[in-house]
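The values are calculated or read from the model by the stated rules, or taken from the named source; none is laboratory data. Predicted, not measured: the structure shown is a model, and the values here were computed from it. Cβ: placed from backbone, ideal geometry, glycine included. Neighbour counts: every protein chain shown. Side chains included, ligands, DNA and RNA excluded: accessible areas come from the protein's heavy atoms. Shrake-Rupley method; radii C 1.70, N 1.55, O 1.52, S 1.80 Å.
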Amino acid sequence: MAGAPPSGTALPEVPAPAAPAAQPSGRTTPWRPAPGPVVCVGETMAALAPDPPSPLVTAPHLRLSVAGAESNVAMYLADLGVPVAWLSAVGDDPLGVRVRTAVAAAGVDVSHVRTDPHRPTGLLVKDPGPDGTRVHYYRRGSAASAMGPEVLDSEPLRTASLLHLTGITPALSEPCRRLVARALTAEGAARPYGVSFDVNHRAALWPDGSAPAVLRELADRADIVFVGLDEAQALWGEHLTPADVREHLPRPHILVVKDGANAATAFSDEGTHTVPTPRTTVVEAVGAGDAFAAGFLAGLLRGGSTARALRLGHITAASALQVTADHGPLPDAQATNALLDLTAQEWAERAAVAPSA
């Protein structure tokens, strides 16, 4: 299991960005990241999973793949036609080669991923069971855990429109926490790129109990935030509604609260939009949140409405839900566009849970 930063470690004191200003009367153009490539920063590990899915203790065979929240987002963005680079570090070992090769094969720029000659590539092992899939991590002292703020000086960020981070990275080490804090520091009136942040709370990575405060502070500095309603309730209050989560995180231009099989709600300067989750076969839920984030970001970068971006998030998430790997095949462009063009009623008829009256 990865080690969390030392108990009591605080975020560097940096000014938080100003809350989004009220929109002038009659403004029709919502906030969007500028056109350009996306950069995703975070650890990706080699992953072992029983094949076919079965409890680990009785599985006759294991399948080797790769898994990482940020590279999952990068691979789905590439699938959706968005230029994207992944920044990270891997060990000088066969698993590191496997990780780099797999991410590159999806069309992601991995040319700035560092190979660490002294630290290994992280490993995770999936254990499917009747109550869901447990994941065992072997990432303490991994190459990626040694990343620090210097990663943000990499060449891809000089032309990036958007930087994507998750709440996993600041839990890996003190240097990783400083990396994320620096990325979320306001630079003058505005950052050189927008910042997307998926809360991605992993309780086992925060044994010192600092997750609620640290993740809330980091998320509230970002431009776009993704959080599951269940994880928000675990972090900040078990009875929170999506609107309550917005009160906890008032500053981001766009906040997306995902409520599993029910719906996803986006709060932005366009107002509040809720799009129900379409029915889909669920083989394994791991990776679906990353796929949703990629679809939503791609929808924004295409210039679509917030509601349309939510739809693309759902469509992309469904591709992850239908496979045991974190990265599944998307429907073709014609099928995707047909879903995006459904009327609100037609979309609702496909929903797993009918929207509230």
Quick one: is W206 more than 25 Å from L124 (Cα to Cα) and of a type outside the set (S, T, N, Q)? no
Every residue from the stretch 103-135 that is hydrophobic (A, V, I, L, M, F, W, C), closer than 25 Å to P53 by Cβ and either in a loop (DSSP other than H, G, I, E, B) or modelled with pLDDT under 95 (or both): A106, L124, V125, V135
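If you check A78 against the conditions, is it of a type outside the set (S, T, Y), within 30 Å of P156 (Cβ to Cβ), open to solvent by less than 10 Å² (accessible area, probe 1.4 Å) and modelled with pLDDT of 90 or more?
No.
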Taking the stretch 86-102 on its own, how many of its residues are open to solvent by 50 Å² or more (accessible area, probe 1.4 Å) and either within 15 Å of E43 (Cβ to Cβ) or part of a helix (DSSP H, G or I) (or both)? 6
Only residues that are open to solvent by 10 Å² or more (accessible area, probe 1.4 Å), modelled with pLDDT under 95 and under 20 Å from D290 (Cα atoms): list them for the stretch 202-222, please. R202, A203, A204
Among the residues of the stretch 43-64, count how many are among the polar types (S, T, N, Q) and touching a Leu at 6+ places or on another chain (Cβ under 8 Å). 0
If only one of P120, P156, P130, P149 is open to solvent by 50 Å² or more (accessible area, probe 1.4 Å) and either touching a residue at least 24 places away in the same chain (Cβ under 8 Å) or of a type in the set (K, R) (or both), which one is it? P120
Inside the stretch 123-179, can you point out the residues that are among the acidic types (D, E) and in contact with a helix residue (DSSP H, G or I) (Cβ under 6 Å, 6 or more places away or on another chain)? D127
Subset of the stretch 228-272 [within 24 Å of P33 (Cβ to Cβ) and open to solvent by 60 Å² or more (accessible area, probe 1.4 Å)]: P250, R251, E270, T272
Expected output for the stretch 47-72 (first residue within 16 Å of G132 (Cβ to Cβ), partner modelled with pLDDT of 95 or more and of a type in the set (D, E, K, R), Cβ below 7 Å, 6+ apart or cross-chain) is none
Subset tally (residues that are among the hydroxyl-bearing types (S, T, Y) and either modelled with pLDDT under 90 or surrounded by fewer than 18 Cβ atoms within 10 Å (Cβ to Cβ) (or both)) for the stretch 185-201: 1
In the stretch 23-75, residues that are charged (D, E, K, R) and crowded, with 17+ Cβ neighbours inside 10 Å total 3
Among the listed residues R177, R182, which satisfies the condition of being over 19 Å from V99 (Cβ atoms), of a type in the set (K, R) and open to solvent by less than 10 Å² (accessible area, probe 1.4 Å)? R177
